[in-house]
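*Asks:* Starting off with a structure, shown below.
The values are calculated or read from the model by the stated rules, or taken from the named source; none is laboratory data. Because the structure is a prediction, the values reported are computed rather than measured. Counting neighbours? That spans all protein chains shown, and the Cβs are built from the backbone with ideal geometry, glycine included. The area values use the complete protein model at the heavy-atom level, side chains included, leaving out ligands, DNA and RNA. Shrake-Rupley method; radii C 1.70, N 1.55, O 1.52, S 1.80 Å.
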Amino acid sequence: MTTLQSTRTAPTRPATPARRPAPAHPSRWLTLGVLGIVSVYFLAPVWWLLVSTTKSNSALFSGNGFWFSGRFALLSNLHDVFTRQGAIYPRWLLNTALYAVGGAAVSTLVSALAGYALAKYAFRGRETVFNIVLAAVLVPQPLLAVPLYLLFSPVHLVNTYWGVLIPSMVSPFGVYLARIYAAASVPDELIEAGRVDGAGEVRIFATIGLRLMSPALVTVFLFQFVGIWSNYLLPALMLADDKLQPVTVGLVGWQAQRGIGDAVPFSIVITAAAVSVVPLIVMFLSLQRFWRSGLSAGSVK
Amino acid sequence: MSTAATTHSTPTTHHARRRARTAAAFLLPFALLFAVAYLAPIGYTLYQSLFKMHRDGLGLSAPTKVFAGLGNYSDALHDPVFRSSLLRVLLIGVVQVPVMLGLALGLALLLDAKGTLFKRFFRLAFFLPYALPGVVGALMWSYLVAPGLSPITSAAHALGLHLDLTSGPMLAPTIGNMLTWGWTGYNMLIIYSALQAIPPELAEAARMDGCSALGIAWHVKIPIVRPALVLTTVFSIIGTAQLYNEPAVLQHVAPNLSSNYTPIFAAYNAVNDNNFGYAATESVILAALAFVLSFGFLKLVGRRGAAL
């Protein structure tokens with residue numbers, strides 16, 4: 001909990017006064033060299049992906065993969081991505097947005113309510129409930145995908161939006177995060193003052209609790225949003241109808257055609273993959289602070 | 001952690017009961033969804049795993065469901081295909097998890113060290129793969145290793161080497177690489193956050209005592225971030241158990257990749273064959289193994305790591 005707070009209030013550690021001389025130069029250059037080489041490993045594939053979106057399908061098979069060659073085909077690739085197969089790609093993006101925004105919004109609200117209740121009310125079985133939530137954090141979503149399919153199949157939720165949306169609305173990690181944050185940042189005195197003023201419990205939650213918990217709720221939303229956006233196995237199992245599929249499932253469907261004959265060419269799959277991550281990269285860069293607070297909450301568990 | 005009812009003096013039983021009701025109401029939406037998305041599928045899967053589909057000899061009438069006790073379990077444990085999928089994932093995990101976590105720890109320590117330049121840039125660069133969905137990362141790597149497309153293969157060719165990263169013996173290293181690429185940054189950030197929480201005075205004091213940078217890392221920093229290392233290891237064990245996306249995507253450029261490559265593959269195939277009981281059994285066995293391995297690891301590292 002201390003980490004959560006310290007990273008929130010002080011994202012970077014204050015620099016210690018420069019009393020001592022900087023470390024010897026050779027080790028500093030060595031560090032820089034090692035980090036540089038490792039960052040090439042992490043960045044080069046993404047660079048390859050970006051460069052490849054500018055190539056025609058045939059140019060992909062010749063020349064240096066890490067540099068531009070042939071005519072600049074980005075615009076025609078984009079055009080093909082968005083019009084291929086009766087313009088199904090934009091539909092996949094919209095489906096993903098629906099699953100990710102809908103699922104993350106509901107799960108954030110539900111987590112806020114549950115986390116607040118666990119932190120701010122004393123009742124019998126509270127610790128048991130919290131321990132179940134903690135255990136559920138460790139249950140990986142993909143392991144649940146087959147069981148969910150088995151359960152949803154007889155009740156006809158398979159191949160519907162709900163088959164993916166309902167499991168996306170639950171986030172034990174969100175409840176965990178909301179609870180530790182509510183315990184740390186919503187003072188009991190404020191709640192008590194609200195009660196003295198005659199405000200109902202729901203009103204106190206909505207006006208005091210939600211507002212004070214909002215930084216943690218952004219983190220919960222972000223993690224759930226990215227989790228749903230990235231999810232593959234569950235929607236792949238649930239949704240046979242490609243009109244309902246999110247972009248991850250659609251993309252792999254295109255890739256599975258292996259670029260043979262009339263199949264979707266590699267250049268289209270590559271460009272479609274690159275386009276699909278743009279919203280995530282934007283969120284990732286603009287909400288970095290919340291990423292770190294969520295991850296450090298994980299590390300103090 | 002103090003709460004309203006315990007810190008404030010003598011709440012009347014009436015108030016206490018009403019607040020308990022409010023708490024229950026606040027918990028209700030989560031409880032309902034949790035029941036539908038966690039408890040029910042787990043319970044139903046356990047139940048399903050006890051039944052087999054019985055087909056008559058000619059396959060003319062619809063198959064009937066018959067109680068099989070632990071029959072599916074004994075079938076699955078004797079099924080060479082399922083067993084080799086478990087073994088394969090175990091081997092990948094035994095090699096890949098230590099490599100990835102060693103790299104993550106090393107990078108976190110280098111980023112945390114005093115005087116490292118461009119920290120912000122490196123942190124972003126290492127974390128970028130985690131921002132991509134696993135499937136998109138896998139798709140990208142599948143093309144980076146696909147014969148014909150792969151810039152790696154063509155570079156090796158230019159050096160006079162024959163390298164096919166999608167050939168049988170190279171599949172496991174290729175998948176291990178995809179996992180390492182995708183998850184090192186995430187683990188690094190967890191460890192790095194724990195390192196950042198160490199008071200700077202501690203390292204400073206060790207430095208005053210003549211401890212080298214390496215010595216500080218080994219004697220001061222690593223012991224303190226031990227809980228983060230334990231946590232990332234448990235997460236990685238669980239993550240490896242559910243290995244699916246990477247081989248599933250790689251399969252489309254590596255046709256010799258078995259369609260029962262990992263246990264989840266096997267369960268997925270059983271679902272497609274409408275053999276739900278068997279799919280349920282395989283899921284239960286996999287979950288049980290993941291559970292045993294993670295808790296076995298926690299026991300192994302002792303209470304000091306598990307307590308946090």
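*Asks:* Heavy atoms only, probe 1.4 angstrom, no DNA, RNA or ligands counted: give me B:T13, B:T240 ranked by accessible area, highest first.
*Replies:* Per-residue accessible area, sorted high to low, gives B:T13, B:T240.
*Asks:* Restricting to Cα pairs below 8 Å that are 6+ residues apart, what does the relative contact order work out to for region A:189-263? Please round to a whole percent.
*Replies:* Worked out over region A:189-263, it gives 17 percent.
*Asks:* Kindly report, to the nearest 10 Å², the accessible surface of B:D273 as traced by a 1.4 Å probe over protein heavy atoms only.
*Replies:* Ignoring ligands and nucleic acids, B:D273 comes out at about 100 Å².
*Asks:* Continuing with this model, one more query. Gap in Å between the Cα centre of region A:125-180 and the Cα centre of region B:199-263?
*Replies:* 26 Å
*Asks:* At 7 Å along Cα-to-Cβ for each site, give me the label-to-label distance between B:H15 and A:A122 in nm.
*Replies:* Inter-label distance under the simple model: 1.1 nm.
*Asks:* Using a 1.4 angstrom probe and counting only protein chains, how large is the accessible area of A:L151 in Å², to 10?
*Replies:* 30 Å²
*Asks:* On to the next question. Can you list the residues, at least 5 places off or on another chain, whose amide H is less than 5 Å from the amide H of B:F51, using H built in the peptide plane?
*Replies:* Under 5 Å from the amide H of B:F51: B:A68.
*Asks:* Which trypsin sites (Lys or Arg not before Pro) in region A:16-116 sit in a loop by DSSP (not H, G, I, E or B) and have at most 13 other Cβ atoms within 10 Å of their own Cβ?
*Replies:* Within region A:16-116, the qualifying trypsin sites (Lys or Arg not before Pro) (loop, at most 13 other Cβ atoms within 10 Å) are A:R19, A:R71.
*Asks:* 7 Å from Cα along Cα→Cβ at both A:W162 and B:N256: what's the point-to-point distance in nm?
*Replies:* 4.8 nm
*Asks:* I would also like to ask the following. Pop a pseudo-label 7 angstrom from the Cα along the beta-carbon direction at both A:S56 and A:A135 and give the gap in nm to one decimal.
*Replies:* 6.1 nm
*Asks:* Please compute, for peptide A:116-127, the average count of beta-carbon atoms on other protein chains lying within 10 Å of each residue's beta-carbon.
*Replies:* Counting Cβ atoms of other protein chains within 10 Å of each residue's Cβ and averaging gives 6.
*Asks:* Further question: Output the DSSP H helices from chain A with an along-axis C-alpha extent of no less than 24 Å and a mean Kyte-Doolittle hydropathy no less than -1.0.
*Replies:* Helices meeting the criterion: A:25-52, A:74-120, A:210-230, A:266-286.
*Asks:* Then there is this: Beyond 23 Å, how much of the Cα-Cα pair distribution for region B:90-259 remains, as a whole percent?
*Replies:* More than 23 Å apart: 49 percent of the Cα pairs in region B:90-259.
*Asks:* Based on the Cβ-Cβ distance from B:L202 to A:W29, what FRET efficiency comes out when R0 is 25 Å, to the nearest 0.05?
*Replies:* E(calc), rounded to 0.05, equals 0.40.
*Asks:* For chain A, max minus min Cα coordinate along each principal axis, in Å, sorted largest first?
*Replies:* Largest to smallest, the principal-axis extents are 73, 69, 31 Å.
*Asks:* What FRET efficiency do you get for A:A193 and B:L32 if R0 is 35 Å and r is their Cβ-Cβ distance, rounded to the nearest 0.05?
*Replies:* The pair A:A193/B:L32 has a calculated efficiency of 0.65.
*Asks:* How much mean residue ellipticity at 222 nm does the protein assembly as shown get from its helices, if each DSSP H run of length 4 or more adds -39500 (n - 2.57) and you divide by all residues, to the nearest 500 deg cm²/dmol?
*Replies:* It comes out at -22500 deg cm²/dmol, rounded to the nearest 500.
*Asks:* Identify the residues of region B:208-248 with backbone N under 18 Å of a label point that sits 7 angstrom from the Cα of A:Q85 along the Cα-to-Cβ direction, or state none.
*Replies:* B:248
*Asks:* Now a separate question. What order do B:T232, A:T31 take when sorted by accessible area (1.4 Å probe), most exposed first?
*Replies:* Descending order: A:T31, B:T232.
*Asks:* Let me ask something additional. Within region B:256-295, name every residue whose backbone N is under 17 Å away from a label modeled 7 Å from Cα of B:Y47 along the Cβ vector.
*Replies:* Under cut-off, by backbone N: B:276-281, B:284.
*Asks:* Give the relative contact order (percent, whole number) for region A:109-252; include only Cα pairs under 8 Å separated by 6+ residues.
*Replies:* 36 percent
*Asks:* Grab the beta carbon distance between B:L161 and A:D242, set R0 = 30 Å, and tell me the FRET efficiency rounded to 0.05.
*Replies:* 0.15
*Asks:* Which residues does the label zone of B:N274 cover in region A:139-169, counting backbone N under 20 Å from a point 7 Å along Cα→Cβ?
*Replies:* A:146-160
*Asks:* I would also like to ask the following. Once ligands and nucleic acids are excluded and a 1.4 Å probe is used, how much of B:F235 is accessible, expressed in Å² to the nearest 10?
*Replies:* Counting only protein heavy atoms, the figure is 50 Å².
*Asks:* Another one. Please compute, for the alpha-carbon atoms of the protein assembly as shown, the extent along each of the three principal axes and give them in descending order in Å.
*Replies:* 78, 77, 48
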